[in-house]
1. Take the stretch 167-189 and flag every residue that is free of Cβ contacts under 8 Å to residues at least 12 places away in the same chain and at negative phi.
2. Kindly indicate which of Ala178, Ala155 is crowded, with 17+ Cβ neighbours inside 10 Å and assigned to a helix (DSSP H, G or I).
3. Among the numbered conditions (1) without any contact (Cβ under 8 Å) to a residue 40 or more places away in the chain; (2) assigned to a helix (DSSP H, G or I); (3) open to solvent by 20 Å² or more (accessible area, probe 1.4 Å), tell me where Leu67 comes up short.
4. If you check every pair at least six apart or on different chains, which have Cβ atoms under 8 Å apart with a residue in the stretch 110-130 that is acidic (Asp, Glu) and surrounded by fewer than 16 Cβ atoms within 10 Å (Cβ to Cβ) first and a residue that is at pLDDT below 90 and assigned to a loop (DSSP other than H, G, I, E, B) second?
5. Could you list, ordered by first residue, the pairs with Cβ atoms under 8 Å in which the first is in the stretch 190-209 and touching a residue at least 24 places away in the same chain (Cβ under 8 Å) and the second is part of a loop (DSSP other than H, G, I, E, B) and charged (D, E, K, R), at least 6 apart or interchain?
6. So for the stretch 88-109 (the condition being assigned to a helix (DSSP H, G or I), within 30 Å of Asn194 (Cβ to Cβ) and open to solvent by 30 Å² or more (accessible area, probe 1.4 Å)), does at least one residue qualify?
7. Restricting to the stretch 206-253, and then to whatever is assigned to a loop (DSSP other than H, G, I, E, B) and under 20 Å from Ser83 (Cβ atoms), can you tell me which residue is modelled with the highest pLDDT?
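The values are calculated or read from the model by the stated rules, or taken from the named source; none is laboratory data. Treat the numbers as computed from the prediction; the structure is a model and nothing was measured. Ideal geometry is used to build each Cβ from the backbone, glycine not excepted, and the neighbour counts take in all protein chains shown. Just the protein is used for accessible areas: all its heavy atoms, side chains included, with ligands, DNA and RNA removed. Shrake-Rupley method; radii C 1.70, N 1.55, O 1.52, S 1.80 Å.
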Amino acid sequence: MNSISVRALLVRGMLAGLAAGVLALVVAYLLGEPHVDSAIAFEAAHSHDHGGGEEPVSRTLQSTAGLATGILVYGVALGGIASLVFCAALGRVGRFGPRATAALVSLGALVAVYVVPFLKYPANPPSVGDPDSIGKRTALYFLMIALSVLLAVAAVILGKRLAPRLGNWNATVAAVAAFVVAVGLAYAFLPSVNELPDDFPAGLLWKFRLSALAMQLLLWTGFGLVFGHFAERLLAPRAGTPGEKARTAAPAS
């Protein structure tokens, strides 16, 4: 793959990430924001600080322009990164075409970047928890993301090295099992964080986490479908365009 193709795929990956971000934005606004409002109301009702200082950014702006900016920038950035991973994976993880490779990259990113860290440090509604520990919680979450991505890459390498001896199926099972065991060890050694109030509504927490998971699922599914279509058209164009039909129908001289 030459530099022109990589550049073209990078642009298409960012566009696909933008399109997927729009889908995720709809889910976040319709499903997530009502639960955020409920969590903020709970925190306000149980807060001992009645000073009532004015917020530097209004809640309305946070839930509209702020939410849209954050999700769309996130989608574009991850789309660009995922497209570069696609360029490195195409033809190296199996005999998959561009569309199937895009689907595999999206699935792997969903699992490694979100699902694995989410199971250790699940999403909590904003304004809930100890503000003094936000730095520690953020550092632990990003550490879990880094470990998950590194372990996923190591599992892919392990599967490729085992494939000649065990076959593709057995090598894949062994690599997945090794990944699960390694992630389990990371879960065991990393500290847990649980700062939710004891009387926080379990139903609200469950719905908020489901909406966060649904947003990520739609983001990566949308990216995989859109980017797979773009990559297929760029790298494996199908016959049947008017010019190709004319050349096919022209008699040989």
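1. Answer for the stretch 167-189, where residues must be free of Cβ contacts under 8 Å to residues at least 12 places away in the same chain and at negative phi: Trp169, Asn170, Val173, Ala177, Val180, Val181, Gly184, Leu185, Ala188, Phe189.
2. Unique residue meeting the criteria: Ala155.
3. For Leu67, the exception is condition (1).
4. Asp130/Glu195
5. Once the first residue is touching a residue at least 24 places away in the same chain (Cβ under 8 Å) and sits in the stretch 190-209, its partners that are part of a loop (DSSP other than H, G, I, E, B) and charged (D, E, K, R) give Glu195/Asp130.
6. yes
7. Ala236
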